[in-house]
1. Can you spot a residue in the range 60-72 that is modelled with pLDDT of 85 or more, in a strand (DSSP E or B) and surrounded by 19 or more Cβ atoms within 10 Å (Cβ to Cβ)?
2. Those residues that are in contact with a Lys or Arg (Cβ under 9 Å, 6 or more places away or on another chain), closer than 26 Å to residue 607 by Cβ and part of a helix (DSSP H, G or I), I need them from the range 487-521; list them, please.
3. Just name the residue that is farthest from residue 526 (Cα to Cα) out of those in the range 552-586 that are part of a helix (DSSP H, G or I) and touching a Gly at 6+ places or on another chain (Cβ under 9 Å).
4. Condition first: aromatic (Phe, Trp, Tyr), touching a His at 6+ places or on another chain (Cβ under 9 Å) and surrounded by 18 or more Cβ atoms within 10 Å (Cβ to Cβ). Can you find one or more residues in the range 487-496 that meet it?
5. Which number in (1) out of contact with any strand residue (DSSP E or B) (no Cβ under 7 Å at 6 or more places or on another chain); (2) crowded, with 19+ Cβ neighbours inside 10 Å marks the one condition that residue 728 misses?
6. Every residue in the range 523-546 that is surrounded by fewer than 11 Cβ atoms within 10 Å (Cβ to Cβ) and touching a residue at least 40 places away in the same chain (Cβ under 8 Å), please.
7. Within the range 499-522, identify whether any single residue is in contact with a Phe, Trp or Tyr (Cβ under 6 Å, 6 or more places away or on another chain) and surrounded by 22 or more Cβ atoms within 10 Å (Cβ to Cβ), and answer yes or no.
8. Determine, yes or no, whether residue 692 is part of a loop (DSSP other than H, G, I, E, B) and of a type in the set (Val, Ile, Thr).
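The values are calculated or read from the model by the stated rules, or taken from the named source; none is laboratory data. Just so we're clear, the structure is a prediction, and the values are computed from it rather than from any experiment. Heads up, the Cβs are rebuilt from the backbone with ideal geometry, glycines too, and the neighbour counts pull from every protein chain shown.
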Amino acid sequence: MIFENNIEIFSVKEGDSIGSLLSKIEKANIKFCCVVSESGQLKGVVSYGDIARSLITQPFSMNDPVSLIMNSKFRYEIYGTGHASLKLLLSKHRFVPLVDEMKRLQALVYGSSEIREFKLADHKISNPSDFLLIAEIGNNHNGSLEMAYQLIDEAKQAGAHIAKFQMRHLDSLYGVDTGSQDLSTEYVVNLLGKVSLNNEDMFRCFDYCYKVGVTPLCTPFDAPSLESLESYGMEGYKIASADLTNHQLYRAIIDTKKPIITSTGMSTDEDIDKALNLLELSNSNFAICHANSTYPAPYADVHLNYLHNLKQRTSSVIGYSGHERGWHVPIAAFAMGAQVIEKHFTLDKTMEGNDHKVSLLPDEFTNLYKALSNVAESLGDGHKRFITQGESNNKIALAKSIFCAKNISAGEMISEDHLVVRSPGNGLSPKYYDQLVGNTAMRNIESGEVFYDDDVEGRLNSSLEKYPHQFVWSIPVRHRDVYSLYDKFQPPAIEFHLSFKDLELPDEEILNKSLSAEVIVHSPEQFDNDFIIDLFTEDQEITQKSITLLNKVFEKAQRIGQLINRNQKEIKVIVNCGGHTQKSFLSPVEVSDRIKLFHKNFAELELGNCRFLAQTMPPYPWHFGGQSFHNQFTSGDNIREILSSADERLGLCLDISHSYMWCNYSGESFENFTSSILHKVAHIHISDAAGTSSEGLQIGLGDIDFDKLKECLIDSRDYATLLPEIWQGHENQGSGFRIALNRLSDFGY
């Protein structure tokens, strides 16, 4: 719901011409207008619909008065009507004029399906996954500037975006005479007198916040405190639940034109509506937080479902200010739409005062931040269900395809007798079963062979034969298809993608024909018993097994090279070197320490005439159908640190989609990343990518700018080979590779 006070934009005089009305509508980009008399009284409304209907029922000229086509039967409300009532009206009307007691137009309210942005300092909430985390320090510094600094440091370290304080002018707030106050008030005044900082020390806290990189925020409880904060230059304000009905203070804070966060504890629906009216009518940049002002609040009294109610009352950002024990309730609040999250913060819960009892300790606040970040990442946009990369990996093994049950000759009609549905899911989906039946086979299909998209009439037909001309390009092959794919593509180089079972294959029996192509070998990524190579681990058992397996890979690579191209002097072997963790990323110190282990382990490898190419890695690799966290061969700094003291036989395989996803995750410039490591790159895996986890996409189906990428890579064309590593590109006789090579050719590779 949007309030518009600038009625000049949305109003015309009843004597104005229809031509001037249309000109105003077009210029202001609006879809409706109010018609008023010379004295400002509301006489009617005009929308696009009214204009269209008039063209049919009573044709008009541009010089006719607006009153000729206006709608005189319209709904209006008195300025100041409750927010909830207006929301109900807007469920039936696109806009509602607001008038005074003389029916003079004062404002306009209209609906909006979009949630407003909330901005405070450098922080912005504009997407469903955005959140603003506030560490409510309040008076938990207990009047100590030193403790306040420590709280700020800990809040920053724990992940807080904002460190919030409270300011009170006690004499203005409670009066000079405290002798006649009741016991609870006497206790509060006494406590506040002991734990409050003076204004100068409070300002020092704000300065320190900026120094360490967290935004300061403060709640003024009275007019003198607001004046002091304004003199400092506070960037925004939090209004306490206790002041939701203090409209004088509300108006004073609104008048600062600063961002506002307000809480709704101790309030009724009517109280909330009146506060919302003040904020909405002033077009304030605000967020409103659900809260229960009990310390600690019983879980039964939290009523998180009220967040749905709050959403219905405003189009502004909503939040949650929690006073319950623990940090799990704010996670639920965020999942329900609360994007400003506030929790009290302390160093010691046993200190005097209720706030300490409901506060989080630094490690608890860190858990809150991490959990919010995980939930934010998991929310998605909710618009469309798509298959993720991890699901695609699992789908091959677990899903089903349509297979040929008995031989079919080209030109023969396909019947149900020819078809059987079974795993794996690497071919045509069973959802095309009915479309496949009755089609004419375009090729000879043997029993046991899988059907592909091309076998369904009208679907993908990839007969493109254009290849890159700037780079020495290659295609991925396996023992079983190396000769058929080579005959089809005639590539300058081939890359053997080995599985752990391939290490035991009798190469001499299978690779019985030499080829005029450079041989490249990709080490298995996953081994039997869920084992993954890791040359960075502190686990000696894993280290020794990794070295043993890699030495078998190098031996295998040399044997393949001898059988395919015995004139080749050096064989590139691509290796995923490890450095992954299961639960979270390593700290920078841990990453650097493990690089030393890598160099030690690398020295024990028996390379022969192989060159070790470490593959660049994404932030979240897929291992055995699940996601991990990668720490090595990721960022430009990390890669340069590894290579700075490395053996000359250590080079890089630049995986474009992996590194693009890393840069999306880290914010590192992909162009800077690429140019900074290119001199060590001997082989390039190229495919498209999106976000931080969608890799191996067909060229042009992701977010990579391949024109710009070509300019980054062009200097490597004399020493680096290029391979389109498209997910499932080998299926259907390499159709995915064929499309990728064609598109790369079009981009000038």
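1. no
2. The answer is 502, 503, 507, 508, 510.
3. The extreme case among them is 558.
4. Scanning the range 487-496 turns up at least one residue that is aromatic (Phe, Trp, Tyr), touching a His at 6+ places or on another chain (Cβ under 9 Å) and surrounded by 18 or more Cβ atoms within 10 Å (Cβ to Cβ).
5. Here residue 728 meets the rest and fails (2).
6. 530, the sole residue that qualifies.
7. So far as the range 499-522 goes, yes, one or more of its residues are in contact with a Phe, Trp or Tyr (Cβ under 6 Å, 6 or more places away or on another chain) and surrounded by 22 or more Cβ atoms within 10 Å (Cβ to Cβ).
8. The answer is yes for residue 692.
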